[in-house]
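*Asks:* I have a structure I would like to understand better, so I am pasting it below and will then ask my questions one at a time.
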Amino acid sequence: IRNFNKLSKVIKKVRPSIIFHLAAQPLIYESYKKPFLTFDINYRGTLNVMECTRQSKFIKSVVIVTSDKCYESNFSSKGFKETDMLGGVDPYSASKSSTEIMVRAYRESFFKKNDKIGVSTGRAGNVIGGGDWSPKRLIPDCVKFLKSNKTILIRNPKFNRPWQLVLEPLKGYLILAQKQYLEPLKYSGAWNFGTNPSSLTDVKTLVSYIINFWGNGKMKNKKNNFYEQQNLQLNIKKAEKYLKWKPTYNIKNSVKMTIEWYYRVLQNKEDTK
């Protein structure tokens with residue numbers, strides 16, 4: 001996605017009616033180690049997608065997935081609305097907020113009065129689910145510790161996050177893309193896909209669920225050496241009202257399904273050795 005010519009050739013060959021753009025450098029920790037790469041992938045990669053869209057005659061609906069980290073921290077307990085200020089002091093968050101501004105500029109400049117194409121951004125919460133093996137992410141790290149019978153180290157036990165099963169935002173993206181395809185001017189814009197306010201859960205509580213569903217394990221605090229927002233919550237009223245989308249799974253069931261996936265996959269690997 002960072003090579004405009006290659007990306008353009010692929011899009012012209014495939015001629016998609018709908019584009020879902022999720023390719024990114026998704027890790028805050030990694031953004032501190034590789035800030036240039038993070039901005040290059042997240043911002044310029046998306047810029048290439050938007051420019052290909054602008055030059056296209058066949059694309060009808062585009063959903064650009066960014067992050068709940070795109071908002072400027074305001075310490076609100078009510079959750080970020082789509083109209084709240086964008087920002088971010090770490091490289092990852094800044095790459096996502098700047099991407100949001102760029103997409104909005106394209107939408108307002110080139111697609112605002114175009115009833116043939118819709119362009120939106122989707123801002124999801126902290127997604128969990130089987131298959132994620134990325135380093136420095138809570139559940140994959142917990143699974144690695146548990147598999148090795150080691151104590152789980154957590155760096156921000158009191159930090160709250162809008163944890164959600166991966167199927168939740170994916171369902172939202174699909175609904176948005178379809179509605180936007182049919183009515184571009186009505187559904188273009190920014191959309192939050194988060195959790196119910198009552199499901200906001202801190203890291204320590206989440207890890208306790210993980211240990212419980214795994215069957216054993218211990219945890220202890222670890223010093224954190226880089227900045228992360230302490231409280232994150234998304235206001236999802238817009239998606240509930242206009243897309244008729246809402247979360248299906250509560251936090252416990254989301255963790256249960258996720259840990260069961262890892263347990264079964266890892267157990268199967270052991271059995272086949």
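*Asks:* Considering amide H positions built from the backbone, and no H for Pro or chain starts, which residues 5 or more places from LEU165, or on another chain, come under 5 Å of its amide H?
*Replies:* ILE128
*Asks:* With charges set only on the Cβ (+1 for Lys and Arg, -1 for Asp and Glu), what does the dipole of the chain come to about its Cα centre, in debye to the nearest 20? Show your work: numbers first, answer last.
*Replies:* On the way: 48 positive and 21 negative charges, 83 e Å.
The calculated dipole for the chain is roughly 400 debye.
*Asks:* May I pose another question? Can you work out the accessible area per residue across the chain, with the rest of the protein chains kept in place, probe 1.4 Å, in square angstrom?
*Replies:* On the way: 14410 Å² over 273 residues.
Result: 53 Å² of accessible area for each residue.
*Asks:* Oh, and also: Taking H as built 1.01 Å from N, whose amide H comes closer than 5 Å to the amide H of ALA124, not counting residues under 5 places away?
*Replies:* THR66, SER67, ASP68, PHE193
*Asks:* If you don't mind, there's one more thing I want to ask. Could you pull out every residue, at least 5 positions away or on a different chain, whose amide H is within less than 5 Å of the one on LEU86? Hs are placed 1.01 Å off N in the peptide plane, and Pro or chain starts have none.
*Replies:* GLU72
*Asks:* Now for a different question. Using +1 at the Cβ of each Lys and Arg and -1 at the Cβ of each Asp and Glu in the chain, identify which of LEU7, GLN233, GLY122 lies farthest towards the dipole's positive end.
*Replies:* LEU7
*Asks:* I would also like to ask the following. Show me 176-188, 257-269 ranked by packing, highest mean number of other Cβ atoms within 10 Å first. Walk me through the numbers before you get to the answer.
*Replies:* Values: 176-188: 18.2, 257-269: 15.2.
Descending mean neighbour count gives 176-188, 257-269.
*Asks:* Now a separate question. With unit charges on the beta carbon (Lys/Arg positive, Asp/Glu negative), name the residue among PRO91, TYR43, CYS70 whose Cα is farthest towards the positive pole of the charge dipole of the stretch 1-105.
*Replies:* TYR43
*Asks:* Could you work out the helix-only [θ] at 222 nm for the chain, with each DSSP H run of four or more residues adding -39,500 (n - 2.57) and the total divided by the number of residues, to the nearest 500 deg cm²/dmol?
*Replies:* Values: 10 runs with 112 residues, N = 273.
-12500 deg cm²/dmol, from helical runs alone.
*Asks:* With both bridge residues required to lie in the chain, what share of the DSSP beta bridges run antiparallel, to the nearest 5%? Could the numbers behind the result be given before it?
*Replies:* Numbers: 3 of 25 bridges.
Roughly 10 percent of the DSSP beta bridges within the chain come out antiparallel.
*Asks:* Another question, if that's okay. Roughly speaking, what is the centre-to-centre gap between the stretch 125-203 and the stretch 12-84 when only Cα atoms are used, to the nearest Å?
*Replies:* Using only Cα atoms, the two centres lie 16 Å from each other.
*Asks:* Hey, another quick one. For the chain, what is the relative contact order in percent, using Cα pairs closer than 8 Å and at least 6 residues apart in sequence? If you can, show how the numbers build up before the last one.
*Replies:* On the way: 477 pairs, mean separation 58.5, N = 273.
Computed over the chain, the figure is 21 percent.
*Asks:* Quick one: putting +1 on the C-beta of Lys and Arg, -1 on the C-beta of Asp and Glu, what dipole do you get for the stretch 1-109 around its Cα centre, in Debye to the nearest 20? Intermediate results must be reported in sequence, preceding the final value.
*Replies:* On the way: 18 positive and 10 negative charges, 154 e Å.
Using only the charged Cβ atoms, the result is roughly 740 debye.
*Asks:* Hey, can you rank 10-16, 237-243 by average C-beta count inside 10 Å, highest first?
*Replies:* Values: 10-16: 12.3, 237-243: 15.6.
Descending packing order for the listed peptides: 237-243, 10-16.
*Asks:* With springs only between Cα atoms under 10 Å, which of GLU168, GLU108, GLU72 fluctuates most in a Gaussian network model of the chain?
*Replies:* GLU108
*Asks:* From the phi of every residue in the stretch 30-38, what ³J(HN,Hα) in whole Hz does the Karplus formula 6.51 cos²θ - 1.76 cosθ + 1.60 yield, where θ is phi - 60° and glycine or proline is x?
*Replies:* These are the phi-based 3J(HN,Hα) values: 5, 5, 6, 7, 9, x, 4, 4, 4 Hz.
The values are calculated or read from the model by the stated rules, or taken from the named source; none is laboratory data. It should be emphasised that the depicted structure is a prediction, and the values quoted were computed from it without experimental measurement. So basically every Cβ, Gly included, is an ideal-geometry build from the backbone, and we count neighbours across all protein chains shown. Note: accessible area is taken over every heavy atom of the protein model, side chains too, but ligands, DNA and RNA are not part of it. Shrake-Rupley method; radii C 1.70, N 1.55, O 1.52, S 1.80 Å.
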